[in-house]
């Protein structure tokens, strides 16, 4: 790379179109528009290997200060195991992995509902 560039954050979320406006508003409120890497994958943290490898690359290339893992209600990628507890379990597994990659990272696990976003 000819010019060093650093992301302020990495946002990891599902591809589900129903929650994109809320995600964008949350990132805007946090002042991150235009300053973050994005990984959009069905089920967000459900596919640990794919998402974990992509996140490792973001950390290596763009050294974000924080990572935001967004899970959401009614996620079709989870099928019948679409509970908050299973999504929380996967999000925490990814969070622990990312902190091992870079202990200085701030990693937030969030849950998006049709009514809003909360930390889990």
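The values are calculated or read from the model by the stated rules, or taken from the named source; none is laboratory data. Predicted model only: the values in this text are computed from it and were never measured. So basically every Cβ, Gly included, is an ideal-geometry build from the backbone, and we count neighbours across all protein chains shown.
Does at least one position in region 72-90 carry a residue that is at pLDDT 95 or above, surrounded by 17 or more Cβ atoms within 10 Å (Cβ to Cβ) and under 14 Å from residue 55 (Cα atoms)? No, region 72-90 contains no residue that is at pLDDT 95 or above, surrounded by 17 or more Cβ atoms within 10 Å (Cβ to Cβ) and under 14 Å from residue 55 (Cα atoms). Annotation: residue 93 fulfils all but one of (1) crowded, with 16+ Cβ neighbours inside 10 Å; (2) over 15 Å from residue 38 (Cβ atoms); (3) touching a helix residue (DSSP H, G or I) at 6+ places or on another chain (Cβ under 7 Å); the unmet one is (1). Restricting attention to region 20-35, the residues that are buried (at least 21 other Cβ atoms within 10 Å of the Cβ) and either touching a helix residue (DSSP H, G or I) at 6+ places or on another chain (Cβ under 8 Å) or within 17 Å of residue 78 (Cα to Cα) (or both) total 0. The set of residues in region 31-50 being under 21 Å from residue 99 (Cα atoms) and either over 15 Å from the mean Cα position of the chain (by Cα) or part of a loop (DSSP other than H, G, I, E, B) (or both) consists of 32, 35, 41, 43, 44, 45, 46, 47.
Looking only at region 72-119, which residues are free of Cβ contacts under 8 Å to residues at least 40 places away in the same chain, assigned to a helix (DSSP H, G or I) and more than 30 Å from residue 6 (Cβ to Cβ)? 78, 84, 85, 86, 89 - these are the residues of region 72-119 that are free of Cβ contacts under 8 Å to residues at least 40 places away in the same chain, assigned to a helix (DSSP H, G or I) and more than 30 Å from residue 6 (Cβ to Cβ).
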